[in-house]
Amino acid sequence: MTHKLDRRHFIGAATAGAALAVNSARAEDKAAPVNKSVVHVAAPMPFDPKSVKGFSERILVSHYENNYGGAVKRLNAIGEQLAALDFDKAPGFQINGLKREELIAANSMILHEVYFAGLGEANKPGAPLSEAIERDFGSFDRWRSEFAGMGKALGGGSGWVILAYDKHGKRLINSWAGDHTQSIAGGDPVLVLDMFEHAYQMDYGAKAGDYVKAVMAITNWSNADRLFEKYSKV
């Protein structure tokens, strides 16, 4: 299967085909020298969708192309409208609407990228991240129990579970988000669990708990290791 989306930037550099890469390309628009919008390009899948244990190729491709790819397309379209907007004359509802949709699309893009980067061949976190998890949660098993429990609690609804590095507290936390506009200020996502039904309904129906179990069984920590090292040094 050929995947049309090919994004040059997103949260984390790709290695061993398990993680994704970050790179932002800015549009060159000579006709609009003042306002320029950032052009976002979808990253390639970090895994072979035919070989991810516990998930069908159909749901992974649909999730990637329609939900993640759709967010990238929306973000670009919103950026074009914002770049052309006269903020001195535009009504408040138009500004509020565009900026809210920009936030939703941007967070959807970023969180999906971290989510996909955490799927694939299961492994364990590297020593620095493992030590930080034990420090901040008491043990890896305690972290895992909390992370999975939060995912199950969101089952039947929607949202995200985010293992994030809190720059303010200089620690790791499991952050809850009911939608794309909720996240801890100053928190950088390291590992993400997508609890919107589009992530599991085709394969698991209403059995959100089985989906969470499947994700936990194939968690690839390579990208999380890299992101933690990056964020914790700031």
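Read-outs throughout are calculated quantities, based only on the coordinates presented, and are distinct from any laboratory measurement. None of these values were measured; they are calculated from a predicted model. Note: ideal-geometry Cβ built from the backbone for every residue, glycine included; neighbour counts use all protein chains shown.
Annotation: amide H of Glu121 has no partner in the under-5 Å range at sequence separation 5 or more or interchain, hydrogens built in the peptide plane.
On the basis of the beta-carbon distance and an R0 of 35 Å, Asp86 and Glu229 show a calculated FRET efficiency of 0.20. The relative contact order of segment 135-232, computed from alpha carbon pairs under 8 Å that lie at least 6 residues apart in sequence, is 29 percent. Counting only lysines at least 8 places from Lys230 when in the same chain, those with an alpha carbon closer than 22 Å to its own are Lys124, Lys167, Lys170.
Taking a straight line from the alpha carbon of Lys89, these lysines sit under 18 Å away, with near neighbours fewer than eight places off in the same chain left out: Lys99.
Of all lysines in the structure, the ones whose alpha carbon falls short of 17 Å from that of Lys152, not counting any fewer than 8 places away in one chain, are Lys207, Lys213. Dipole size of segment 25-117 about its Cα centre, with +1 on Lys/Arg Cβ and -1 on Asp/Glu Cβ: approximately 140 debye, rounded to the nearest 20.
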